[in-house]
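The values are calculated or read from the model by the stated rules, or taken from the named source; none is laboratory data. Only a predicted model underlies this, so the values are computations on that prediction, with no experimental measurement involved. All Cβ positions, glycine included, derive from the backbone under ideal geometry; neighbour counts span all protein chains shown. Protein only, heavy atoms only, side chains kept; ligands, DNA and RNA dropped before computing areas. Shrake-Rupley method; radii C 1.70, N 1.55, O 1.52, S 1.80 Å.
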Amino acid sequence: MRIARFSIDGNVAFGAVEGDKQDELVLDIIKGIPFADHELSGTKVPLSKVRLLPPVLPNKVVAFGRNYGDHAKELGNEVPEAPFAFFKPSTSVIGPGDAIQYPSFTTDLQYEAELAVVIGRMCREVPRERVKDVILGYTCANDLTARDVQKREKQWARAKGFDTACPLGPWVETDLDLARANDLTIQLTVNGEQRQLGSTSEMITPIEDLIVNISEAMTLLPGDVILTGTPAGVGSLHVGDEVAVTIEGIGTLTNKVVKRG
C-alpha cells in the first residue's frame, strides 16, 4: 500500500494511493491512522484535487552519515568503522512540492538523495530479526546540506537542520520487504539532468543494522524517520532549481529551490 498524507478543503487525512498512471491516481481515505488499527473508507478523491503533505510528522529524524563508500570518498572522508548518526529536527521536514528555502548563511546548498525508513511502532533495543516488525514502510528523502557550513563547524546542527532541510515523500510504500529495500535504485535529477544514480545495495551498513544501532541508544516512536545515507554524486543547488529524488518501487519527490525571505 502507498500511504499519503494530504490536505483538502482545510482538512488533513491519510489515504491509500490507487492507480498506476500519474494523472489517474486517486486516494481512498483511511479511517484512523496508519500507526494503529485503520481501514479504507471507500471514499475516494483524485490526487490532483489535494495537496500532498509530508507523509509523516516525525518526532525525530535520525540520519546516518557516510553510509556509501564512494560518497565518503568524494568528499575526502574516510569510510567510518561503525555507523554514526546525527539528527534533523522536525522543523526541517517539508513535503512534495514544498519550496526549499535557500539558507541565508550558506553559499553552497547541496542535495543528497536518500532512502528513508518510516518507523511504525514504538520500539527500543530491536533485535535484528525483529526489525521488519517495527517498519511501517519507506519513502524518498533529500538530506539537504549547507556544505560550507558543515565543513566549517564541528557540529552539523545548522548545516543539516535548517528549516526545509528534509523533504520527504511523496508517500510511504508499505509493500517492500527488507531484502527488496536493501536493493533499490536511487536517482536524483536537477532540472531534469541526472546528478546521482546508485543503489541501496551499495550501503555499507544495511537497514536492519542501522535500526539495531540507533534503537540500542533511544526509543523510536511511530512516524520517526531513519535516513540511510546517500550515494555518490552530490552537488550544489541554486535558486530556481527543481530537484527530484526517484527511488525504485516508491515514487518521485520533487521540490523547487527558492530564495529565503
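Taken over segment 1-158, lysine pairs spaced eight or more positions apart, or on distinct chains, with alpha carbons under 22 Å apart number 11.
Charging the Cβ of each Asp and Glu at -1 and of each Lys and Arg at +1, and nothing else, the dipole of the chain about its Cα centre rounds to 860 debye. Simple point charges give the picture: +1 on the Cβ of Lys and Arg, -1 on the Cβ of Asp and Glu, and for segment 132-178 a dipole about the Cα centre of about 500 debye.
Scalar couplings 3J(HN,Hα) for segment 98-114, obtained by applying the Karplus form with A = 6.51, B = -1.76, C = 1.60 to θ = phi - 60°, are 6, 7, 8, 8, 5, x, 6, 9, 9, 10, 8, 7, 10, 8, 8, 6, 9 Hz; x denotes Gly and Pro. When peptides 193-200, 147-154 are sorted by average Cβ neighbour count within 10 Å, with the highest value leading, the order is 193-200, 147-154.
I need the calculated FRET efficiency for the pair VAL258 and LEU40, taking r as the beta carbon distance and R₀ as 45 Å, to the nearest 0.05.
Efficiency, rounded to the nearest 0.05: 0.80.
In whole percent, what relative contact order does segment 173-261 give with Cα contacts below 8 Å and a gap of six or more residues? It comes to 33 percent, rounded to a whole number. Annotation for segment 1-55 versus segment 135-186: alpha-carbon center distance of 23 Å. Taking Lys and Arg as +1 and Asp and Glu as -1, the other residues whose beta-carbon sits under 10 Å from that of ALA99 total +2. By the rule of a C-alpha distance below 20 Å, with chain neighbours fewer than 8 residues away ignored, the lysines paired with LYS259 are LYS160. Taking only protein heavy atoms and a 1.4 Å probe, the accessible area of segment 175-261 is 46% carbon and sulfur. Note: relative contact order over the chain, using C-alpha pairs below 8 Å and six or more positions apart, is 25 percent. Heavy-atom accessible surface of segment 204-259, averaged per residue, reaches 33 Å², computed with a 1.4 Å probe. Secondary structure note: in the chain, about 85% of the DSSP beta bridges are antiparallel.
Give, in nm to one decimal, the length gained when the segment between GLU193 and PHE84 is fully stretched (0.36 nm per residue of separation minus the Cα-Cα distance). Write down the numbers at each step before the final one.
Working: separation 109, 0.36 × 109 = 39.24 nm, distance 3.11 nm.
So the chain would gain 36.1 nm between GLU193 and PHE84.
Seen through its C-alpha gyration tensor, with square-root eigenvalues sorted a ≥ b ≥ c, the chain comes out oblate because a/c lies at 1.5 or above while a/b is not bigger than b/c. Taking 0.36 nm per residue of separation and subtracting the current Cα-Cα distance, fully stretching the chain between HIS238 and LYS151 would add 29.4 nm. Taken about its Cα centre, segment 210-261 carries a charge dipole of roughly 300 debye when the Cβ of each Lys and Arg holds +1 and the Cβ of each Asp and Glu holds -1. Considering only alpha-carbon pairs that sit under 8 angstrom and 6 or more positions apart, the relative contact order computed for segment 1-137 is 17 percent.
Extending 7 Å from the Cα toward the beta-carbon at both GLU125 and ASN11 defines two label points whose distance is 4.4 nm.
Quick one: accessible area per residue over segment 45-129, 1.4 Å probe, rounded to a whole number of Å²?
In whole numbers, segment 45-129 has 47 Å² accessible per residue.
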